[in-house]
Every structure is written in structure tokens, then in C-alpha cells.
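Single-structure report; data block below.
The values are calculated or read from the model by the stated rules, or taken from the named source; none is laboratory data. Everything numeric in this text was worked out from a predicted model, so none of it was measured. Side chains included, ligands, DNA and RNA excluded: accessible areas come from the protein's heavy atoms. Shrake-Rupley method; radii C 1.70, N 1.55, O 1.52, S 1.80 Å.
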Amino acid sequence: RTGQEEEGGRGRCRWTKCPVPRACSSLASLQCESCPPGSRLSADANGCELCPLGTFSPAGADCSVCQVGYANATGMTACLPCPTNTVRSAASAGVDIEECLCVVGYYSQIGPGHECQPCATGATCLGG
């Protein structure tokens, strides 16, 4: 960033000099920097914002949706894994451990989001 403009009494970076996905580090230093891990360039290109629930960013570029596991907080740098013998449905939002359900052949006495045990011999466990 090579300059700033005043808008409503507060400084704002001019983004023509900051290539995406870089953002202003601070108005005092007037430098372009990458967004930190767990964040991305804001939609208005006015700085960085934390990745929303269900997404992550290991390098501070774009936030990616958790394909497996979940992200139950904003600003995640990686998705958290589901407990042993569970999987999250691709149709779920990936924002809570309780979206992790037992795989076929396993069950949980506690409920969703907990480690699942193998079915007893001869029993049928449909998962979920």
C-alpha cells in the first residue's frame, strides 16, 4: 500500500497497490501484508476477516469449507477430525462435532459426536 485516503474522518487503505489476497497491515505502516492463518481478505477488501464457522484457512488466503471433520469456531486454521469410527455427512454444515455420526457397523451409547464402538457379533448397526 502506498497511500491512504480519508473517509469520514478515518484512514482507509487504497487497494490498488495491494494485490489480492493481501491487505493493509495498519494505517500507520502503510504496507501490504497477507492475512493471517484462519482469515481471508474481507469482501469489501478493507482488511482481513476471520473464516466463518465450517471453514478454515491454513495460510490466510481463501477460507475453504471443511469436507471432512468440522470447524466449530471462527478463525480456524484446520478442520477438527470427527471422533473414531464416525463420519460427517457431506450435506451437513460442518460446524459442530454432533454432525459426526457412527459409520455402518458401529454404534454409540452416548449419541452423535462421540467415538463409536463396533456392533456386537450378529447385531446390525446402521450407523448414524
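So the values come out like this:
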{"read-out": "At q = 0.14, 0.15 Å⁻¹, base-10 log of I(q)/I(0) for region 66-128 (Debye sum, equal scatterers on each alpha carbon)", "value": "-0.38, -0.43"}
{"read-out": "Amide H within-cut-off set for residue 107, under 5 Å, with H built and near neighbours excluded", "value": "117, 119"}
{"read-out": "Under-5 Å amide H pairs with residue 75, H placed in peptide plane, nonlocal only", "value": "51"}
{"read-out": "HN-Hα J in Hz across region 50-57 - Karplus 6.51, -1.76, 1.60, θ = phi - 60°, x for Gly and Pro", "value": "5, 5, x, 3, x, 10, 8, 8"}
{"read-out": "Residue 95 accessible area, assembled protein chains, probe 1.4 Å, Å²", "value": "50"}
{"read-out": "5 angstrom amide H check on residue 88, placed H, neighbours 5+ away", "value": "69, 101"}
{"read-out": "Carbon + sulfur, % of accessible area of region 68-107 - ligands and nucleic acids excluded, 1.4 Å", "value": "61"}
{"read-out": "Which of 40, 88 is most accessible, then next, and so on - probe 1.4 Å", "value": "40, 88"}
